[in-house]
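Contents: one structure, followed by commentary.
The values are calculated or read from the model by the stated rules, or taken from the named source; none is laboratory data. Bear in mind that the values here come from a model prediction, so they are computed numbers and not experimental data. Using ideal geometry, Cβ is built from the backbone for each residue, glycine included, and neighbour counts are taken over all protein chains shown. SASA here: full protein model, heavy atoms, side chains in, ligands and nucleic acids out. Shrake-Rupley method; radii C 1.70, N 1.55, O 1.52, S 1.80 Å.
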Amino acid sequence: QVQLVESGGGLVQPGGSLRLSCAASGIIFSIYGMGWYRQAPGKQRELVATITSGGSTNYADSVKGRFTISRTNAKNTVYLQMNSLKAEDTAVYYCNAWYISQYWGQGTQVTVSS
């Protein structure tokens, strides 16, 4: 059974930082591409960042220079370091794993507000 469990969300002030984690089980983590997506109220789910099995990364223009995606294969975990957070980053953040099949986590809420 595949599980992706996100953690690290919460309430943060504008300009602050958060680090999201996604722990995977039930897959051969090292061969999967991993990603973070987000969905704000009333909006479609959108790509935030991805990292391939080889470590290549891709970012949405809106987060370039502020967010960093990384992975630790030994821990079956992918991370999203989020700095200089803005109110418009408020959303539910979802972890995604893709290879032949695709899997999603349950999401973690990030709220940026003063």
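Structure summary
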quantity	calculated
Gained length - R66 relative to A23, 0.36 nm times residue gap less alpha-carbon distance	13.3 nm
Whole-Hz couplings from phi, Karplus 6.51/-1.76/1.60, listed for the range 89-96; x for Gly and Pro	7, 4, 4, 8, 9, 10, 8, 9
Residues of the range 51-95 with amide N under 13 Å of a point placed 7 Å along Cα→Cβ from Q39	91-95
Rg in Å to one decimal, and Dmax rounded to a whole Å, for the chain via C-alpha atoms	13.3, 42
Rounded to whole Hz, the Karplus (6.51, -1.76, 1.60) HN-Hα couplings of the range 55-66, x for glycine and proline	x, 6, 10, 9, 10, 5, 4, 5, 10, 4, x, 10
Heavy atoms of W104 accessible to a 1.4 Å probe, total area in Å² rounded to 10	100
